[in-house]
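Below is one structure, written out as C-alpha cells; the observations come after it.
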Amino acid sequence: MVGLGLRRDIAEEILESRTLTPDFLEFAPENWMGMGGAWKRVMEQAVEKYPITCHGLSLSLGSPEELDWEFIRELKDFLDENQVKIFSEHLSYTKSRNAHLYDLLPIPFRSDAADHVVERIRKVQDYLERPLAIENVSYYTPVAAEMSEIEFVNQIVERADCRMLLDVNNVYVNAFNHQYDAKEFISQLPLHRVEYIHMAGHEQVEPDLIIDTHGQPIIDPVYELFDWTIGQMDPVPVLLERDYNFEDTDQIQSELVQIKGIMKKHWKVEHESA
Amino acid sequence: MSLREETIQIQELLGEYCRTGEEQELPGVTPGRIQHYRRLVWNVVSDTLATAFPITVAALGEDSWELLVDDFFAAGLPQTPQVWKLPFEFYRFHADRETGKRIRKRFLDDLLLFEWMEIEVHTMTDRPYPEFVAEGDLLHDRLAFNPEHEIVQLEYPVHTHPVSQATEMKGEYYALLYRLPGSGNVQFLALSVLNTYIFTRLQEADVPLNEIKGEFARVAGIESGRYLDDALKKFFGDLLDRKLILGFKRE
Ligand SMILES: [Fe+2]
C-alpha cells in the first residue's frame, strides 16, 4: 500500500480521487483534533473512504519537561474515534522551557537522553494502548553528542520495545549532511521493527547541506536507497510526505506510482497490511 | 527523571535560541548549522500568524508586524500543541500587554480579535441544531436559531471600516459571526447595540417574538404597535435569509 499525507490543500482532490489515488492516508492529529465545521466533514469523509495512520507532531518525546497528559488524553480519544491503529511520532523534541516550538529539534545523542526517551515512549504506549512507531528524524547538526546517531536510535527502539517509522529520505539527508554511508546506517537498524516507511522530497540549500522540506519531488538517489532498503525487508506500507507545492498533482501521483512500482518489484504479493 | 542537569541545560539553550534568536554557547555543534533551526521555527510561527491575521499585517505594515511576532515568540511561551490555535495566544499576549496602546494602534486588540474569531467560528466544535421546520410565522412561532455563532464586542468598528477611519470612531460595536449550514463558511453581520440586545434576549427567552416585544419596545423607547412589528419582522426576516435563523420551532 502506498499512502499520502492528508493536507488541507489537497483534501478535496483526494476525496474526489481526481488525480491522486493513494491507498491510505496519514493525518497529523494536531491539525484536526478538536475541530468542527467544514474540516471535520473532510476528516470524516477521509476516514470513511481510506485506511488511516496518524503521525504526531507535538508529543515532544525528547523534552526535559513532563509529558503533556491533557494533550495525550485528547490524542487517545482522537485515535480511538477514528480507529487509528498505527500512530507514529518523531525522535526529537518540540517543546522547551514550557514553550512549544513547532519544529523538530535534535535530542543530544547521550545515554541519559536515551534513558529519558525510553521511559517516555513506554509511558505513552501504555496510555495509548497501541504501539508507537518512532521516526528517525533529519537533523542539521548534532548537539553535544556522546554516541553516534545509530547507537542512539537503536538503544531507544530496542529498550522501549517500540515500532519504527523508517524515513528513508531522512536517512539520505542525514547521511549527506553528516557524511556517513546511508546503506550502512540502514543495515544496522532493527528493520523487523519497521511498521511503515516515509518517502519525501527535500531541498539542497548549501553545497553540504540539505533541508528536509517535504516540498519537492523525491530525487533519484532516494528512490535508489528505498529500492535497496526494502530489498532487506518484509512488506510494509509506504507513505509519501508532501507538505506544500501541491500545484502539480500529476507529478505527485507519478511519485505514488513510482514508489508502488519499486514495492512490486520486491514484494511480489502485496500484503495489504495497513 | 534520568536526564542530567547538563543535558537539560543544553536542550533548553537550543530551545531558547530558536525562540529569541540570541546566540547561545552550545557544545558539539557543526558550525553554521544551528541557524537553520531558528529560521525554520521562526518561519512556522510567522507564517501561521501572518495567514491568520492578513488585515492586521496590512494595517500595521510588515516591519511593525514583525516586531509583534518577535515579541510574542520571545516572551509569549506558546502553550498550545496545535499550531493553528497559536493566533489566539498571539491575540491574548498583545491584549494583555496593551501593545496596541503602546504602539499607538488602538484598533489592534479589536482587529486581532475579529480576525481570530473568523477562525474560531470556522473551526469550533459542532453545536447541535435545534429541531425546526422551514415554514412558520416570525411573530407567533418560536425561532430556531443557528447555534453556531458568536458575538464579539468591539471598541472600534474594524469589521465595517478601514482601520484609519475606525480609529476615530471609538464606541460600542458588535459583530455577529456565524457558520453557514452546509458549507461551514463564516459570515458576519454588524449589529447595533439594540439589535444585539434583542437578538440575545430572544434567543435566551425562547418564546415567540409576540410575547416579548413589549419588553423590546420599552428598551428601545418606542411604542408597541405596527411600526415595531414591522421592524422586528424585517430584522428577523433578514436573519432567516442569512440562515442565522434556521426556521421555526413547532411543538
Ligand atoms: Fe517523515
- request: Kindly indicate whether residue A:195 is within 16 Å of the ligand (Cβ to nearest atom), over 24 Å from residue B:4 (Cα atoms) and of a type in the set (Asp, Glu).
  value: yes
message: Pairs please, first residue from the range B:75-92 and within 7 Å of chain A (Cβ to nearest Cβ) and under 16 Å from residue A:59 (Cα atoms), second anywhere and part of a loop (DSSP other than H, G, I, E, B) and of a type in the set (A, V, I, L, M, F, W, C), Cβ atoms under 7 Å, 6+ apart in sequence or on different chains.
response: B:82/A:33
message: Among the listed residues A:61, A:79, identify the single one that is touching a Lys or Arg at 6+ places or on another chain (Cβ under 9 Å), over 25 Å from residue A:23 (Cβ atoms) and either in contact (Cβ under 8 Å) with a residue 60 or more places away in the chain or crowded, with 17+ Cβ neighbours inside 10 Å (or both).
response: A:61
task: Within the range B:1-57, track down each residue that is at the interface with chain A (Cβ under 7 Å from one of its Cβ atoms) and in contact (Cβ under 8 Å) with a residue 40 or more places away in the chain.
output: B:19, B:45
- prompt: Just for the range A:147-181: of the residues that are in contact (Cβ under 8 Å) with a residue 40 or more places away in the chain, within 15 Å of the ligand (Cβ to nearest atom) and in a helix (DSSP H, G or I), which one is nearest to residue A:113 (Cα to Cα)?
  reply: A:153
Criterion violated by residue A:61 - all others in (1) within 11 Å of chain B (Cβ to nearest Cβ); (2) over 18 Å from residue A:32 (Cβ atoms) satisfied: (1)
- request: Those residues that are surrounded by 15 or more Cβ atoms within 10 Å (Cβ to Cβ) and β-branched (Val, Ile, Thr), I need them from the range B:45-85; list them, please.
  value: B:45, B:48, B:55, B:56, B:57, B:69, B:80, B:83
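Just give me the residues in the range B:152-172 being closer than 28 Å to residue B:127 by Cβ and open to solvent by less than 50 Å² (accessible area, probe 1.4 Å), in sequence order. Working first, answer last.
Just the residues of the range B:152-172 that are closer than 28 Å to residue B:127 by Cβ, to begin with: B:152-155, B:157-160, B:172.
Within the range B:152-172, B:152, B:154, B:157, B:158, B:159 qualify.
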- prompt: So residue A:46 fits all but one of (1) in contact with a Leu (Cβ under 6 Å, 6 or more places away or on another chain); (2) surrounded by fewer than 17 Cβ atoms within 10 Å (Cβ to Cβ); what number is the exception?
  reply: (2)
- request: Spot the failing condition for residue A:216; the list is (1) within 16 Å of the ligand (Cβ to nearest atom); (2) open to solvent by 20 Å² or more (accessible area, probe 1.4 Å); (3) within 12 Å of chain B (Cβ to nearest Cβ), and only one is missed.
  value: (3)
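Rundown of residues vs (1) open to solvent by less than 10 Å² (accessible area, probe 1.4 Å); (2) in contact with a Pro (Cβ under 9 Å, 6 or more places away or on another chain); (3) at pLDDT 95 or above, yes/no style:
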| position | (1), (2), (3) |
| --- | --- |
| A:12 | no, no, no |
| A:85 | no, yes, no |
| A:105 | yes, no, yes |
| A:108 | yes, yes, yes |
message: Please go through (1) touching a residue at least 24 places away in the same chain (Cβ under 8 Å); (2) within 14 Å of the ligand (Cβ to nearest atom) for residue A:103 and return the number of the only condition it doesn't satisfy.
response: (1)
query: Given the conditions (1) open to solvent by less than 50 Å² (accessible area, probe 1.4 Å); (2) under 20 Å from residue A:55 (Cα atoms); (3) more than 16 Å from the ligand (Cβ to nearest atom), and given that residue A:233 satisfies all but one, which numbered condition is not satisfied?
result: (2)
task: Please work out if residue A:160 is buried (at least 21 other Cβ atoms within 10 Å of the Cβ) and away from chain B (no Cβ under 12 Å).
output: yes
Residue count, the range A:96-129 (criterion: of a type in the set (D, E, K, R) and at the interface with chain B (Cβ under 8 Å from one of its Cβ atoms)): 6
message: Looking at (1) hydroxyl-bearing (Ser, Thr, Tyr); (2) under 15 Å from the mean Cα position of the chain (by Cα); (3) part of a loop (DSSP other than H, G, I, E, B), which one does residue B:178 not meet, given that it meets all the others?
response: (3)
- request: Read through the list (1) within 16 Å of the ligand (Cβ to nearest atom); (2) over 30 Å from residue A:146 (Cβ atoms); (3) open to solvent by 10 Å² or more (accessible area, probe 1.4 Å), then give the number of the only condition that residue A:53 fails.
  value: (3)
- request: Please specify each residue of the range A:16-63 satisfying the condition of being of a type in the set (Lys, Arg), out of contact with any helix residue (DSSP H, G or I) (no Cβ under 8 Å at 6 or more places or on another chain) and over 13 Å from residue A:82 (Cβ atoms).
  value: A:41
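The values are calculated or read from the model by the stated rules, or taken from the named source; none is laboratory data. If you're wondering where the values come from, they're calculated on a predicted model, not measured in any experiment. Every residue, glycine among them, receives a Cβ derived from its backbone with ideal geometry; neighbour counts consider all protein chains shown. With ligands, DNA and RNA removed, areas are computed over all heavy atoms of the protein, side chains included. Shrake-Rupley method; radii C 1.70, N 1.55, O 1.52, S 1.80 Å.
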